[in-house]
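Please read the structure below before turning to the comments.
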Ligand SMILES: Cc1ncc(COP(=O)(O)O)c(C=O)c1O
């Protein structure tokens, strides 16, 4: 990760090193925050934020679910002003390819009661590059994690709540320890849910399958984009329950996420997927996705928010 110059904090641009919170902030101790990860692509018309409206919607909805009021330093924010703040942060920093807005209970508090604890809004811009490593396009290795994807009874599975990511961190560590790049997390039913920070797709019997929204997944913004792109390319996409058996015996498997973009999978738990090389369907979908995100294909210009 490469740092940038400024972090947008509660309405002000502060130097990276000066963006600090107290050790007793509620979010640090209890995970009471909501965040997003958003990509910025270079286009012929300058930097563009990919699907800003959808990410801002999920962020604001997540805060509503957590009961976090959008009041920072006494100023009330809403969906529109959250989007404007994200744009301002990107505009202030050169070389941004990834933005991480985070709204969290920053007030100093001991005890679980979040009611009345003041919140802060931080927007960090970085240069991330390839999240799963520069060789990810050649195929990544997955393991199946022993940790379960937290479901709807454990918290708002449809929002990116800071505290919910403990299971993802445990699973990611498990994957790295076993020499893999990512971990598949199963849901309470034992079905394939998703990876630690990505949704999962597979191609089998001539169709594309991906775990349905009810399978304890995050309804990824990239997932939605890839479903649309795949349908436009003429593929049938089925959102359903996916088992480990189906995943392991698929012809192609790939991950989607804002950070990972589209990452082909070449093995799961040491079993080779397809011919052990990135599949042609995920490659074609990825190529089309990149054209759209970088403004080369104008079909989904509505997904781009130009910064300048
Ligand atoms: C658990 C989880 N699943 C899936 C995704 C992919 O979602 P998106 O495409 O919106 O980045 C993410 C990343 O945000 C995630 O954290």
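The values are calculated or read from the model by the stated rules, or taken from the named source; none is laboratory data. Computed from a predicted model, the values in this text were never measured in an experiment. Quick reminder, even Gly has a Cβ in these numbers, built from the backbone with ideal geometry, and neighbours come from all protein chains shown.
Okay, here's what the table says:
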quantity	calculated
Set 40, 14: member being touching a helix residue (DSSP H, G or I) at 6+ places or on another chain (Cβ under 7 Å), modelled with pLDDT of 95 or more and either surrounded by fewer than 16 Cβ atoms within 10 Å (Cβ to Cβ) or not assigned by TED's automatic domain parsing to the domain that holds residue 156 (or both)	40
In the range 30-63, the residues that are in contact (Cβ under 8 Å) with a residue 24 or more places away in the chain and assigned to a helix (DSSP H, G or I)	30, 52, 53, 54, 55, 56, 58, 59, 61, 62, 63
Segments classed as strands (runs of 3 or more DSSP E), wholly inside the range 183-243, with at least 2 members that are within 15 Å of the ligand (Cβ to nearest atom), at pLDDT 95 or above and within 18 Å of the chain's Cα centre (by Cα)	192-195, 199-204, 207-211
Identity of the residue in the range 124-149, within 16 Å of the chain's Cα centre (by Cα), buried (at least 16 other Cβ atoms within 10 Å of the Cβ) and within 16 Å of the ligand (Cβ to nearest atom), that ends up farthest from residue 17 (Cα to Cα)	149
Residues of the range 258-287 satisfying the condition of being within 16 Å of the ligand (Cβ to nearest atom) and part of a helix (DSSP H, G or I)	282, 285, 286
Some residue of the range 70-81 being surrounded by fewer than 15 Cβ atoms within 10 Å (Cβ to Cβ), under 26 Å from residue 299 (Cα atoms), touching a residue at least 12 places away in the same chain (Cβ under 8 Å) and more than 16 Å from the ligand (Cβ to nearest atom)	yes
Residue 144 vs. criteria closer than 30 Å to residue 284 by Cα and not in a loop (DSSP other than H, G, I, E, B)	yes
